[in-house]
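Scroll down for the structure; my scribbles are underneath it.
The values are calculated or read from the model by the stated rules, or taken from the named source; none is laboratory data. As the structure is a prediction and not an experimental result, all values here were calculated from the model. Here Cβ is always computed from backbone atoms with ideal geometry, including for glycine, and neighbour counts include all displayed protein chains.
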Amino acid sequence: MNPLHEILHPKSIVYLGGSNSLTTPGTPQLINILASGFTGEVFPIHLKEETVLGLRAYRSVLELPYPADLAILVIPAGAVPPVLRECGQKGIKRAVIVTAGFSEVGDKSLENEIQNTAGEFGIRFIGPNCLGVNNPYNNFNCTWFPYHYKKGHFSLVSQSGSYSAHINHYLENNGIAVRCAISVGNQTSIDTVDCLEYLKDDAYTKVIGLYLEGVKDGRRFLEVARQVSLQKPIVALYVGGTETGARSGSSHTAALSAPDEIYNGAFKQAGIIRAYSVEEMLDFCLAFANQPLPKGNRVAVLTNSGGPATSMADTCDREGLEIPVFSDELQRKIQPFLLATATGKNPVDLTMTLDTRPLMVDIPRFVYEFKEADAILFYGLFGTRHASEKVEAMKGLIDFPTPVEKMEIYIDGLCDSLIKFTSETGLPVLGSSFWGRNDRPVAYLQDRGIPMYISPERAARSLAAMWRYRQWLNANISDS
């Protein structure tokens, strides 16, 4: 069995570094494991305490009643080699070494020692100098930060522990659901390429996000990444292409960097979609994880506001997407839903309206029937928050004819129609709303697979990333 599968799906854990004090570095991570709902056995190791966080503590790994599936080490660097040896003697074959203080600070001898010990006993491990892993499918999160959102299809491999765990609240607030997150740290035993090989065959993973400060074996990375890209997209954020970024990465995870132009060429060859910020990487992965790829680059832009319509169209044009003028026949179908001042040419601008049925139900159906677009971008979704604020402001002065609760039922129905539309037609649909998840329909759509972005441009750029990947597939799939 792949060692990463065993690390992500342990049934028992031995934990070194936790205590009954929050001032101990390892205690917050142990708390997170227990709070994440992990149902397996947890064996804390402590030299003095009888219990740790209510669990029976053992004096050493050798005293455990049986070999745990996984050892997690959050202990001083000098203590790691002898503890890892005890793990090997006990028959424990998998580990997560959170501890820092190895090659990233120049101590290669200590890192070589744990590598040799692991090799002697057949141990494969994540780290050192990492923040652990998060697998919602096993209720197993040994990072510092909780993850409260649903199970998803986006897998993240990061050379930064922060970008594998600190972002959890951001993910939830943007409707980005995780399959797993792996912090690889110094990659002494298991590296980024090992993760790609595992995730290539993982049925839950639809897209892989990479945070890279450098790679150690460029040839192997390219070979494996290309194989993966033929099956599922990879989105990479590479930050070692500048002198300052390379210097920071070297001291952070002992990464080997190279100039931007080298990585750009390598990414293009391997079919990797490059992102230039964490925000952009997550935006792209949100789209890939939830929507089908566009078959072409023609986009229908549907909005109820001229400014966002223009922003979306402008971004599409800059990113290689086409906004075709709809045929006269299609425009005639759309025209009854428009005010006299509105246009149905594409972008379709309904102008300000609170009834979004034409935007979410009627016009998308016409666009699909006439086969004049390969994807849909929309802006202008407003839920009941807007109405609720008006009701509250006018309380006691006027009575609104439609209760807010009935409006919610109506808007939920519109959302369901849009979800059904993309499922039935295969047309990718991406939306934008400045309200975010504070407005009910935004969360409703995000939770059911329609990506919603906080700005029109971010939605358009994410669709463009999908089109670039489709173009690479079209050019390379016959060669595989």
Residue selected from segment 420-472 under the condition of a type in the set (S, T, N, Q) and in a helix (DSSP H, G or I), by the criterion farthest from residue 299 (Cα to Cα): 438
Residue match in segment 180-202 (condition: in contact with a His (Cβ under 8 Å, 6 or more places away or on another chain) and surrounded by 24 or more Cβ atoms within 10 Å (Cβ to Cβ)): no
Selected residue (criterion: surrounded by the most Cβ atoms within 10 Å (Cβ to Cβ)) from residues of segment 140-179 that are modelled with pLDDT under 95, within 12 Å of the chain's Cα centre (by Cα) and of a type in the set (Ser, Thr, Tyr): 164
Residues located in segment 117-154, provided they are touching a Pro at 6+ places or on another chain (Cβ under 9 Å) and of a type outside the set (A, V, I, L, M, F, W, C): 117, 124, 138, 147, 149, 150, 151, 152
Test result for residue 351, under 24 Å from residue 464 (Cβ atoms) and β-branched (Val, Ile, Thr): no
Filter result for residue 38 (of a type in the set (Phe, Trp, Tyr), free of Cβ contacts under 8 Å to residues at least 60 places away in the same chain and within 20 Å of residue 10 (Cα to Cα)): no
Single residue of segment 433-452 satisfying the filter (more than 20 Å from residue 375 (Cβ to Cβ) and touching a Cys at 6+ places or on another chain (Cβ under 8 Å)) that is modelled with the lowest pLDDT: 441
Which numbered condition residue 313 fails, given (1) surrounded by fewer than 18 Cβ atoms within 10 Å (Cβ to Cβ); (2) more than 20 Å from residue 233 (Cβ to Cβ); (3) at pLDDT 95 or above: (1)
Selection status of residue 172, more than 17 Å from residue 2 (Cβ to Cβ) and of a type outside the set (A, V, I, L, M): yes
Where a residue in segment 294-305 is closer than 21 Å to residue 470 by Cβ and its partner, wherever it lies, is among the polar types (S, T, N, Q) and assigned to a loop (DSSP other than H, G, I, E, B), with Cβ under 7 Å and at least six apart: 300/346; 301/346
Those helices (runs of 4 or more DSSP H) lying entirely in segment 261-356 with at least 1 residues under 19 Å from residue 427 (Cβ atoms) and of a type in the set (Phe, Trp, Tyr): 278-290
Condition check for residue 58: closer than 22 Å to residue 110 by Cβ, aromatic (Phe, Trp, Tyr) and in contact with a strand residue (DSSP E or B) (Cβ under 6 Å, 6 or more places away or on another chain): no
Segment 163-195, residues that are touching a Cys at 6+ places or on another chain (Cβ under 8 Å), part of a strand (DSSP E or B) and among the aliphatic types (A, V, I, L, M): 182
Extreme residue, nearest to residue 189 (Cα to Cα), among residues of segment 72-114 that are of a type in the set (Asp, Glu) and modelled with pLDDT of 95 or more: 113
Members of segment 110-128 that are of a type in the set (Gly, Ala, Ser), surrounded by fewer than 22 Cβ atoms within 10 Å (Cβ to Cβ) and in contact with a helix residue (DSSP H, G or I) (Cβ under 9 Å, 6 or more places away or on another chain): 122
Count of residues meeting criterion [over 17 Å from residue 369 (Cα atoms) and either acidic (Asp, Glu) or more than 35 Å from the chain's Cα centre (by Cα) (or both)] in segment 338-352: 7
For residue 365: the one exception among (1) out of contact with any Gly (no Cβ under 6 Å at 6 or more places or on another chain); (2) surrounded by 17 or more Cβ atoms within 10 Å (Cβ to Cβ): (2)
Close pairs (6 angstrom Cβ cut-off, 6 or more residues apart or separate chains): under 16 Å from residue 165 (Cα atoms) and in contact (Cβ under 8 Å) with a residue 40 or more places away in the chain in segment 200-213, assigned to a strand (DSSP E or B) and of a type in the set (A, V, I, L, M, F, W, C) anywhere: 208/234; 209/156; 209/235; 210/157; 210/236; 211/237; 212/236
Cβ-Cβ under 6 Å pairs, at least 6 apart or on other chains, segment 420-441 side assigned by TED's automatic domain parsing to the domain that holds residue 283 and closer than 17 Å to residue 379 by Cα, far side assigned to a helix (DSSP H, G or I) and polar (S, T, N, Q): none
